[in-house]
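The structure under discussion appears below in the form of structure tokens.
The values are calculated or read from the model by the stated rules, or taken from the named source; none is laboratory data. Just so it is clear, the model here is predicted, and its values are computed rather than measured. Virtual Cβ from ideal backbone geometry, glycine too; neighbours counted across all protein chains shown. Calculation scope for accessible area: heavy atoms of the full protein, side chains included, ligands and nucleic acids excluded. Shrake-Rupley method; radii C 1.70, N 1.55, O 1.52, S 1.80 Å.
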Amino acid sequence: MTFDLRSLLRPNVRDLKPYRCARDDYDTGILLDANENSFGAPMKTEVPELNRYPDPHQSELRSLIADFRGVQSENVFVGVGSDEAIDLLMRVIGTPGTDKLMTTPPTYGMYKVCANINDLQVVSAPLTPTFELRVDEMLAAVTPEVKLIFVCSPGNPTAVCCKRENIIKLLKAYTTGLVVVDEAYIDFAKDQKSCCDLLADYPNLVVLQTLSKSFGLAGIRLGMLFGSEEIVSTLNKVKAPYNVNKLTSKVAIEGMKNIDQMKAHVRATLEQRDVVTAALQQMETVRKIHPTDANFLLVQIDHSLEVYKRMADRGVVIRYRGDQTHCDDCVRITIGTADENEKMLSLLREIAAELS
Ligand SMILES: *Cc1c(COP(=O)(O)O)cnc(C)c1O
């Protein structure tokens, strides 16, 4: 397949000479090269050498992530949440004021916010009412200015995966830009595996994942991007040299070494998801529970906006999504612990009774 990343890059990025930081050259010995503070940090608790800059290449973390997903370290970029990777992609690929990207509503809100920040226009190609990609309509809407297509699978707020065959069809037909598959929720999907195994065949594919959901580490801000060596090295040239800090990488490494525990948490979430689904099915005001491959449910319910507000006023916060394409009267409910879910359900029943 013919795919030329260079031609997609912003001209200033194409020939960028990256900043060289002190740790790029030497990182052992008596380090008096980076104007750090050898006396340490003003901390009472024991902290790991926080007076020293972190590894700009995050070698250990990237290698663990690569092993976990079955790719090479050279195919892994790590950033401050997937949000950093989304922004960086737009900064290297699109030329502000000229280029465009495509999203498939209903979808994750950050794509549009980032597009606005980077002055890239957004072309929408809505999903079907059952949240599948309309590949033919998407391809028909592609113009030479469309340099990125964002596909969220499993989707947020749709909760379901797009069919793998549709993603492949898109990868085969759209070679004038990058297909970005956001897999933030992939570890919760039972029947569909990550698209990482397609990277070898499709240089126009980029996969986004995060430690924020299945790994339960939203607080450390660690996102990863999988792509060709060329894409990863381009992003590494543009990122801030020390984007991932030492505390984050220490915790992320521990998380990557405890995959069994992550999987146990995923199993517990899926069990609770069944419990919540069964309880919601008993409620008369619940009109539809969408299928889910994620750690949340998209639920169509009577008086959705009012339900959402009353619940939040009484201490249980869910998300109103009724203003999104194909999501009329829908709320999005994250699956919590058994205790949290019970409280959510009893409040939901109470409010449903008040409103009917
Ligand atoms: C939660 C979520 C993310 C995660 O973003 P981080 O910046 O890594 O926390 C990315 N994409 C989607 C669709 C999400 O729902």
Using only alpha carbon positions, build the gyration tensor of the stretch 260-355, then give the equivalent ellipsoid semi-axes as the square roots of 5 times its eigenvalues, largest first, whole angstrom. 22, 15, 12
Calculate what fraction, in whole %, of the accessible area of the chain sits on carbon and sulfur atoms when a 1.4 Å probe is rolled over the protein chains. 49 percent
May I ask for the Rg/Rh ratio of the stretch 132-224, computed from Cα atoms with Rh as the Kirkwood radius, given to two decimals? 0.98
Taking H as built 1.01 Å from N, whose amide H comes closer than 5 Å to the amide H of residue 210, not counting residues under 5 places away? 224
Which residue, chosen from 225, 185, 95, occupies the Cα position most advanced towards the positive end of the dipole of the chain, where the dipole is computed from +1 (Lys, Arg) and -1 (Asp, Glu) charges on Cβ about the Cα centre? 95
Report the gain in length on full extension from residue 1 to residue 317: 0.36 nm times residue separation, minus Cα-Cα distance, nm rounded to one decimal. 109.0 nm
Estimated dipole of the chain in Debye, rounded to 20 [Cβ of Lys and Arg +1, of Asp and Glu -1, Cα centre]: 260 debye
Lone cysteines, the chain (no partner Cβ under 4.7 Å): 21, 114, 152, 161, 162, 195, 196
Per the Cα gyration tensor, the chain corresponds to an equivalent ellipsoid with semi-axes, largest first in Å, of 37, 28, 18
Karplus-derived 3J(HN,Hα) from phi for the stretch 196-213 (6.51 cos²θ - 1.76 cosθ + 1.60, θ = phi - 60°), whole Hz, x at Gly and Pro, runs 4, 6, 8, 4, 5, 8, 10, x, 8, 9, 10, 10, 10, 9, 8, 8, 6, 10
Report ³J(HN,Hα) in whole Hz for each residue of the stretch 16-30, in order, from the Karplus equation J = 6.51 cos²θ - 1.76 cosθ + 1.60 where θ = phi - 60°; Gly and Pro get x. 5, 9, x, 4, 9, 9, 3, 6, 5, 8, 9, 10, 10, x, 7
Quick query: amide H of residue 123 versus all other amide H atoms, modeled in the peptide plane; which residues come in under 5 Å with a sequence gap of 5 or more or a different chain? 101, 102, 103
Projecting each Cα onto the charge dipole of the chain (Lys/Arg +1, Asp/Glu -1 at the beta carbon, about the Cα centre), which of 65, 208, 337 comes out farthest on the positive side? 208
Convex hull volume per residue for the stretch 244-312, taking Cα atoms only, in Å³: 133 Å³
Compute for the stretch 23-114: radius of gyration divided by Kirkwood radius, i.e. Rg/Rh, restricted to C-alpha atoms, rounded to two decimals. 1.10
How long, wide and thick is the stretch 294-343, going by the Cα atoms along their three principal axes, in whole angstroms, largest first? 31, 26, 13
accessible surface per residue for the chain, probe 1.4 Å, DNA/RNA/ligands not counted, whole Å² -> 48 Å²
Extension length gain for residue 74 and residue 116 (0.36 nm per residue less Cα distance), in nm, is 12.1 nm
Along the stretch 147-158, what does the Karplus equation 6.51 cos²θ - 1.76 cosθ + 1.60 (θ = phi - 60°) give for ³J(HN,Hα), rounded to whole Hz, x for Gly and Pro? 9, 9, 10, 9, 10, 9, 8, x, x, 10, x, 6
Given the Cα-Cα distance of residue 278 and residue 190 and 0.36 nm per residue of separation, how much length would full extension add, in nm? 29.8 nm
